[in-house]
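Have a look at the structure below before the remarks.
The values are calculated or read from the model by the stated rules, or taken from the named source; none is laboratory data. Worth saying up front: this structure is predicted, and the values here are computed from it rather than measured. Methodologically, a virtual Cβ is constructed for each residue, glycine included, from the backbone with ideal geometry; neighbour enumeration extends over all protein chains shown. With ligands, DNA and RNA removed, areas are computed over all heavy atoms of the protein, side chains included. Shrake-Rupley method; radii C 1.70, N 1.55, O 1.52, S 1.80 Å.
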Amino acid sequence: MDFTIYFAFTVVAWIIAMGILPLIINLAKHKGIYEANDERKTHTERVSSFGGIGIMLAFAVPILILLDADTENPVAVFGLALPLFATSLLDDLFNLRVAFRISVHAAIGLALYKLGFSVVNFDGLPVLNAGATMIFTVALINAYNLIDGINGLAGGLGVISSLVFGVLLSMRGEHP
């Protein structure tokens, strides 16, 4: 794939996010569906906890439209995003137990490792590679959960880190 596909992916995702997020915010206001403010939240206004729906749509639609059918890893990663999304949505609705959420996150980390993603490479020690990838995945997901108390911070950092990783991987010649 060339740069134009990645650029098109980004533009389509941005347009979808900018279009759907105001609709979700208005729906939350109309239905009175807001997240509870607690000691972790710094915003004073009431905020919908369903912004993730818009982000997931902005992520999913370009993948389904723009990627080739033979592109395995991005489609597989998208498949792993679904249980993460479902768990997060259910947690917003029903306040799931931490142990359950961590188990789902660890399973996603193991699946990522099985797909060929690894945060380290200890030659001949696949158990350490898998364990490190699982721990990194759980830590990264939960770091974003913890910084989500400031309205827009997690999304902004997600955009910045995605751009940085995209540029760094592109410079190394690593493309899906």
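Scanning segment 158-176 for residues that are assigned to a helix (DSSP H, G or I) and either surrounded by 14 or more Cβ atoms within 10 Å (Cβ to Cβ) or touching a Gly at 6+ places or on another chain (Cβ under 8 Å) (or both) yields a count of 0.
With the structure loaded, tell me whether LEU84 is buried (at least 17 other Cβ atoms within 10 Å of the Cβ), within 17 Å of ASN142 (Cβ to Cβ), modelled with pLDDT of 90 or more and among the aliphatic types (A, V, I, L, M) or whether it fails that test. So LEU84 passes the test. Screening ASP91 on (1) assigned to a helix (DSSP H, G or I); (2) among the acidic types (Asp, Glu); (3) exposed (fewer than 12 other Cβ atoms within 10 Å of the Cβ) shows it passes everything except condition (3). Go through segment 23-33 and give me each residue that's farther than 10 Å from ILE53 by Cβ and open to solvent by less than 60 Å² (accessible area, probe 1.4 Å). Across segment 23-33, the qualifying residues are ALA28, GLY32.
Total residues in segment 52-73 satisfying the condition of being at pLDDT below 80, part of a helix (DSSP H, G or I) and buried (at least 16 other Cβ atoms within 10 Å of the Cβ): the figure is 2. The residues in segment 99-135 that are touching a helix residue (DSSP H, G or I) at 6+ places or on another chain (Cβ under 9 Å), assigned to a helix (DSSP H, G or I) and not small (Gly, Ala, Ser) can be counted, and the count is 15.
When you check ASP123 against the structure, is it within 21 Å of LEU80 (Cα to Cα) and among the acidic types (Asp, Glu), yes or no? No. A single member of PHE100, PHE117, PHE85 is over 17 Å from the mean Cα position of the chain (by Cα) and of a type in the set (Phe, Trp, Tyr), and it is PHE100.
As a summary of the residue check, ILE135 satisfies the conditions (1) open to solvent by 60 Å² or more (accessible area, probe 1.4 Å); (2) within 18 Å of SER49 (Cβ to Cβ); (3) at pLDDT 95 or above except for the one numbered (2).
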